[in-house]
Structure formats: C-alpha cells, structure tokens
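**Q** Supplied in structure tokens, the structure appears directly below.
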Amino acid sequence: MPQDVDALLNIVAGEGRAIADAVRTTGLAERAVSDAAGFYIEQILLHPDADCYRALGARSDATIDQLRRNMALLLRWLHPDRETNSARAIYAGRITDAWNNIKTADRRSAYDTARKISAGMKPSHRAPGHSSSSAVGAGHGHAANGQARQPAPLAAGTGRRRGRTKRRGRLWRILGRLLGQGRT
C-alpha cells in the first residue's frame, strides 16, 4: 500500500487542503486531480479481489481509528449528496462489508486468522462463513446469478483490455505525481 493513500482518500472526500496540495504538486486542475484519485481508489483499493484492509486503504497493522477514518472518508466520497455517478454505489457495499469484517477485535482476529489459513486462495471481502445474497455478491466480482464475472476480453494484438482509453494513461501519470513517483 503506497504511503500517500491517505492523501488520495482526503482528495476524494473533498478535503480542501488535500486538494489544494495535490493541485499545487501536480500543476493540474482540481477536477483532474479528483478524477485521478477516484480512479486509483476504484481500480486498486476497491478491486473485487481486494482484502478488507486494502478496501479501506490501510495496511493490516492499521489501528481501528485509522480504519474507521478511512471508511468514513470513502463513504463521504460515495455519499449520494456528493456523488452523481450512481455506478459507484456498488463500492459503498464493499466498504461497509470490509469494515464490518474487521471493526471489532474479535472480528478482526477471526478475519486475520482466516486470511492466514487461506493465504494460497483468492482473498475475499467477506469473512469466512459470511453468506450474502446474489445481489450483494454482485458487488464482489460476481454476476447477479452468482457466477464469477469474466474480465473484459483483450483487444486483438494489443495485450490490453478493450474499452481502455487514453484517459487511463493520463490518470496514472497524475497518480504517479500525487504518490511521489516522479514527474512522468
């Protein structure tokens, strides 16, 4: 987990100082910075295979207060009064599931134990034994019928997924600047 993920969480949550710092650091418009931070969170933190800690933008040794703060920032970003992109609503379920799995010492211990046991298996947002309806499952990389979603097919001869645009490259460059990985 990059050290500066907290900055991205603050940017998407609308924290003025974080946005101003990012605009000053990158020299880009506020909208571009916000879009890039949101893109990173969607693609990396909230990936369907992300574990609970990653979904909350934290390392596994994070304190409960850090996890709670990150959850609050993410949910502020997704709040219907702020977010006009209704497609992002699916992420609220991932965030709350992740938080529910590790919000108490007992749940966190059970989750961490299950993670160690299944280290060779595909990680999940849900704690072991946590059942979910197919509608909720759809938010975790599964189609509504419970089948795993297939990734988009590769575009012929490119090795890249179809539907990717030049915008993605620009967003990754902005993220590189925000996360201190140089000016690309």
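**Q** Out of region 46-90, which residues are of a type in the set (Ser, Thr, Tyr) and either in contact with a helix residue (DSSP H, G or I) (Cβ under 8 Å, 6 or more places away or on another chain) or surrounded by 12 or more Cβ atoms within 10 Å (Cβ to Cβ) (or both)?
**A** Matches in region 46-90: 53, 60.
**Q** Specify the residue that is nearest to residue 104 (Cα to Cα); the eligible residues are those in region 33-89 that are assigned to a loop (DSSP other than H, G, I, E, B) and polar (S, T, N, Q).
**A** 63
**Q** Does any residue in region 37-49 that is farther than 18 Å from residue 177 by Cβ come within less than 8 Å, Cβ to Cβ, of a residue that is among the β-branched types (Val, Ile, Thr) six or more places away or on a different chain, and which pairs are these?
**A** Partner pairs satisfying both residue conditions: 45/5; 46/95.
**Q** When region 1-20 is examined, which residues are found to be part of a helix (DSSP H, G or I) and either over 21 Å from residue 66 (Cα atoms) or touching a helix residue (DSSP H, G or I) at 6+ places or on another chain (Cβ under 6 Å) (or both)?
**A** Hits for region 1-20 are 7, 8, 9, 10, 11, 12, 18, 19, 20.
**Q** Going through 82, 76, 69, 54 one at a time, which residue ends up being of a type in the set (Lys, Arg) and under 13 Å from the mean Cα position of the chain (by Cα)?
**A** Details: 82 fails: under 13 Å from the mean Cα position of the chain (by Cα); 76 fails: under 13 Å from the mean Cα position of the chain (by Cα); 69 fails: under 13 Å from the mean Cα position of the chain (by Cα).
Selected residue: 54, the only one of 82, 76, 69, 54 that is of a type in the set (Lys, Arg) and under 13 Å from the mean Cα position of the chain (by Cα).
**Q** Based on this model, can you work out whether residue 114 counts as at negative phi, surrounded by 13 or more Cβ atoms within 10 Å (Cβ to Cβ) and without any contact (Cβ under 8 Å) to a residue 40 or more places away in the chain?
**A** Yes.
**Q** Answer yes if at least one residue in region 3-16 is at pLDDT below 90 and farther than 13 Å from residue 77 by Cα, and no otherwise.
**A** Checked against the condition, which is being at pLDDT below 90 and farther than 13 Å from residue 77 by Cα, region 3-16 yields at least one hit.
**Q** So, of the residues in region 17-32 that are closer than 17 Å to residue 76 by Cα and of a type outside the set (Lys, Arg), which turns out to be surrounded by the fewest Cβ atoms within 10 Å (Cβ to Cβ)?
**A** Among those that are closer than 17 Å to residue 76 by Cα and of a type outside the set (Lys, Arg), it is 19.
The values are calculated or read from the model by the stated rules, or taken from the named source; none is laboratory data. Treat the numbers as computed from the prediction; the structure is a model and nothing was measured. With ideal geometry, Cβ positions are generated from the backbone for all residues, glycine too; neighbour counts draw on all protein chains shown.
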